[in-house]
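Structure record follows, encoded as C-alpha cells.
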Amino acid sequence: MNIVAVIPARYAATRFPGKLMQVLGNKTIIRHVYDNTIATGLFNDVFVVTDSDIIYKEIKGNGGKAIMSKKEHESGSDRIAEAVAEMNVDVIVNVQGDEPFIKKDPLEKLVSLFNDPNVQVASLMRKISKEEAVNSNNVKVVADRSGYALYFSRSIIPYQRDAKMNANYFLHVGVYAYKKDILMNFTKWPQSSLEKTEKLEQLRYLENGIKIKMAETDYNNIAIDTPEDLERAKSSL
C-alpha cells in the first residue's frame, strides 16, 4: 500500500492564532510535528498542506515538503482532500499540526488497521477518567465489540445511570486515517446535522454509513490549543 501522512496546518486558529509557529525548544510546533512524523519511517511520503505563506516557507525553508491550499476549507479533511486529489495513494493519515510530540507507536497501530481490507476510516482512542470525560473540550467515543465507533460526543458518554456500574470512558485522539476514495466522498457530502450540532466532522462519516475503526492507545497527546497548553508542553521537554 502507498501510505502518506498529511499535516493540515492553518495559521489563523480561533483560540490561539499563529500557534503552529510558536517556538517549542529549538523549533516551531509545526516543524516538530513534521520532523517527528518523518522519523516514524512509516510513510511513503509526508507533507504539510497549509493556507499560510508563513507556514509554507517554514517547512520548505527547512528542507521539508509543503503544499499551498488553493481554496478556503471548512475542515482539515477538506484541505487534505484537495491536496491529494491527483495523487496515486491508497491510505492517507491525517496528523494534527498542533501535536508536537506525535510518535511512532500510535501511528503504527493506526496504519496496521488497514491490513483488514474492510477498514475504510480509522482513528485512535485512549482511556480517561470520569473527571476528564466531563470536560466538553475532550471529545469522547464509544465503540462496539468489534472496535468500530458507535458515536463521538463532547458530552460524557456513556452516561452512568447506575452508580453500581463501572463505566469506561475513552478520549478520541484526533489522528485519522482514510482510504482515498472515502476521503474524496466525504468532501462531497453536506455537513450532517449531528456534525453541525457537536462541531465534530467525524460524525459526517457515521451519518453516511461509513464505519470508523478505533485502536486503543496509551499515547497521552499534548495538543497545543491555548497559550497554557504551550507552557505545559514546554515544561515537559
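Picking from residues in the stretch 20-35 that are touching a strand residue (DSSP E or B) at 6+ places or on another chain (Cβ under 8 Å) and of a type outside the set (A, V, I, L, M), the one that is surrounded by the most Cβ atoms within 10 Å (Cβ to Cβ) is Tyr34.
Rundown of residues vs (1) modelled with pLDDT of 95 or more; (2) over 20 Å from Asn221 (Cβ atoms); (3) surrounded by fewer than 18 Cβ atoms within 10 Å (Cβ to Cβ), yes/no style:
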position: Gly18; (1), (2), (3): no, yes, yes
position: Thr37; (1), (2), (3): yes, no, no
position: Asn62; (1), (2), (3): yes, yes, yes
position: Ala66; (1), (2), (3): yes, yes, no
position: Asn88; (1), (2), (3): yes, yes, yes
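If a residue has to be touching a residue at least 24 places away in the same chain (Cβ under 8 Å) and either of a type outside the set (Lys, Arg) or touching a His at 6+ places or on another chain (Cβ under 7 Å) (or both) to count, how many in the stretch 19-34 make the cut?
We begin by selecting, within the stretch 19-34, every residue touching a residue at least 24 places away in the same chain (Cβ under 8 Å); these are 19-22, 24-25, 28-34.
Narrowing the set further to residues that are either of a type outside the set (Lys, Arg) or touching a His at 6+ places or on another chain (Cβ under 7 Å) (or both) leaves 20-22, 24-25, 28-30, 32-34.
Total meeting the criteria: 11.
If you scan the stretch 101-125, which residues turn out to be modelled with pLDDT of 95 or more, in a loop (DSSP other than H, G, I, E, B) and surrounded by 14 or more Cβ atoms within 10 Å (Cβ to Cβ)? Those that are modelled with pLDDT of 95 or more, in a loop (DSSP other than H, G, I, E, B) and surrounded by 14 or more Cβ atoms within 10 Å (Cβ to Cβ): Val119, Gln120.
Every listed requirement among (1) assigned to a strand (DSSP E or B); (2) in contact with a helix residue (DSSP H, G or I) (Cβ under 7 Å, 6 or more places away or on another chain) is met by Ile54 save one, (1).
Answer with yes or no whether Glu58 is under 16 Å from the mean Cα position of the chain (by Cα) and either surrounded by 20 or more Cβ atoms within 10 Å (Cβ to Cβ) or of a type outside the set (A, V, I, L, M, F, W, C) (or both).
No; evaluated as a whole, the condition is false for this residue.
Taking the criterion of being of a type outside the set (A, V, I, L, M), in contact with a strand residue (DSSP E or B) (Cβ under 9 Å, 6 or more places away or on another chain) and more than 20 Å from Val175 (Cα to Cα), the only residue of the stretch 66-81 that qualifies is Ser69.
The values are calculated or read from the model by the stated rules, or taken from the named source; none is laboratory data. These numbers were taken from a predicted model, which means no experiment stands behind them. Glycine gets a Cβ as well: all are built from the backbone with ideal geometry, and neighbour counts include every protein chain shown.
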